[in-house]
Amino acid sequence: MPQSLARMRPVYVVGVGWHRYQPLSDTPYPALGLAAVRGALADAGVEWPAVESAYMATALLPMAPGRPMLRHLGATGLPIVHIENASASGSAAFRQACMEVASGCSDLVLAVGVDKPTGGPVARGEQACGIDHLADDAIVPFTHFALLADQYAQRWGVSHDDIARVAVKNHGNGAKNPFAQRQQARTLEEVLGGRAVSGRLTTLQCTPVGEGAAAVIVASEDAIRRLGIGADKPIRVTGSAARSQRVYDEPTRFDANLTAETTQLAIAESGLRADQFDIVELHDAFTVEEVEYVEAMGMCKPGQAVPLLKEGAWDIGGRCAVNPSGGLIAMGHPIGPTGLGQIGEITLQLRGAAGARQHAGAKTGLAHMVGVGAVCYVHTLQRD
């Protein structure tokens, strides 16, 4: 049987840090990343020389940007691995860091994500193979999700206005998050009245792509004892799963199908049920994704996500706080850091240290990211 995180030695998140997600600025990427790393080191109460290995997630920067950034902390000679996996880059880096600690290869590992938009084209697989995609100009991501929103509304008899309530909730959460790119609460009228992007989607129902950084430090029990890390810091990683896209019976809903498969694997490792999670941070680049994914994860029955949304089940203080950070819609989506920022938010929530956006009594959390529909990562965390 393949090894899973549950069969290896325990892994804990002990430090988290961010540089605020923000629109493109003149700030160089090393300054963004170092702010997050230093924040995570300070949070864990450890010094840089104690870090034995580093994984750096980025999707938009030139090759091997980690060394020019991390050298400012000290040239310790630690191994650095660079990871690019589209929107799931940070989640992939976190999984590799966890596996390195769980396997016993290292005791204290850094995963950091940092990105800045370059303004250049994003290569597609078809273009890399020298084959043009005939629908590139017609079926861009926001059009795909606008069509999915139409499909969802028709399938379950809900309105587009109801789906837009996801953005109202997440903008409200982002207004309480000092690291969020969007920090202004919005009414439903404001969300619906924004500039049209595609179909019924408006700008306030779509994620902004900016710059920023997030960092997470993971540790073994040995490192926690040896380094004297405070008992209030460690949050255990109880499950980790990664999958790539297959051929599905519903080809337009490949993201939801991939999410269902990956979530099932991670939840099985955690020993919990989907409806037992207190905090869920999921990939909500567009409002319809949140309602699709909470159903795909098994958090509610198909067609029930919107009624539960309207009842406040997914609010902070509701049945399960979904995207208390503000999600991609309000927290932002710098790409490389995004998955790591989700882990950071869940860690704060499970420590009871999320401030104004704290979900009372939170003990369990789940983080979910997809990368252009091709890959999916799901992690589960729990307070011991």
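Suppose we filter VAL81, VAL114 for residues that are under 15 Å from GLU211 (Cβ atoms), at pLDDT 95 or above and not in a loop (DSSP other than H, G, I, E, B); which single one remains?
Criteria check complete, one pass: VAL114.
Looking at the stretch 363-372, which of its residues are crowded, with 19+ Cβ neighbours inside 10 Å and either over 13 Å from PRO324 (Cα atoms) or more than 18 Å from the chain's Cα centre (by Cα) (or both)?
THR364, HIS368, MET369, VAL370, GLY371 - these are the residues of the stretch 363-372 that are crowded, with 19+ Cβ neighbours inside 10 Å and either over 13 Å from PRO324 (Cα atoms) or more than 18 Å from the chain's Cα centre (by Cα) (or both).
Take the residues of the stretch 333-360 that are in contact with a helix residue (DSSP H, G or I) (Cβ under 8 Å, 6 or more places away or on another chain) and assigned to a loop (DSSP other than H, G, I, E, B): which is surrounded by the fewest Cβ atoms within 10 Å (Cβ to Cβ)?
GLN358
Kindly indicate whether any position in the stretch 237-250 is of a type in the set (Ser, Thr, Tyr) and buried (at least 16 other Cβ atoms within 10 Å of the Cβ).
Yes, the stretch 237-250 has at least one match.
Among the listed residues GLY312, GLY318, GLY298, which satisfies the condition of being without any contact (Cβ under 8 Å) to a residue 60 or more places away in the chain and either polar (S, T, N, Q) or within 18 Å of THR259 (Cα to Cα) (or both)?
That would be GLY298, the only listed residue that is without any contact (Cβ under 8 Å) to a residue 60 or more places away in the chain and either polar (S, T, N, Q) or within 18 Å of THR259 (Cα to Cα) (or both).
Which members of the stretch 84-109 meet the condition of being part of a loop (DSSP other than H, G, I, E, B) and in contact with a helix residue (DSSP H, G or I) (Cβ under 8 Å, 6 or more places away or on another chain)?
ALA88, SER106, ASP107
Which residue, of GLY194, GLY230, GLY212, is modelled with pLDDT of 95 or more, more than 19 Å from the chain's Cα centre (by Cα) and not in a helix (DSSP H, G or I)?
Just one listed residue meets the conditions, GLY230.
With respect to ASP255, determine if the residue is at pLDDT 95 or above and among the acidic types (Asp, Glu).
So ASP255 fails the test.
Within the stretch 89-110, is even one residue out of contact with any Lys or Arg (no Cβ under 8 Å at 6 or more places or on another chain), at positive phi and not basic (Lys, Arg)?
No, the stretch 89-110 contains no residue that is out of contact with any Lys or Arg (no Cβ under 8 Å at 6 or more places or on another chain), at positive phi and not basic (Lys, Arg).
Somewhere in the stretch 319-328, is a residue within 15 Å of the chain's Cα centre (by Cα), under 24 Å from TYR152 (Cα atoms) and in a helix (DSSP H, G or I)?
Looking for residues that are within 15 Å of the chain's Cα centre (by Cα), under 24 Å from TYR152 (Cα atoms) and in a helix (DSSP H, G or I), one finds at least one in the stretch 319-328, hence yes.
Tell me, please, whether a residue that is at pLDDT 95 or above, touching a Gly at 6+ places or on another chain (Cβ under 9 Å) and assigned to a loop (DSSP other than H, G, I, E, B) can be found in the stretch 152-166.
yes
The values are calculated or read from the model by the stated rules, or taken from the named source; none is laboratory data. All figures in this text were calculated on a predicted structure; none of them were measured in a lab. Note that we place each Cβ from the backbone using ideal geometry, even for glycine, and neighbour counts take in every protein chain shown.
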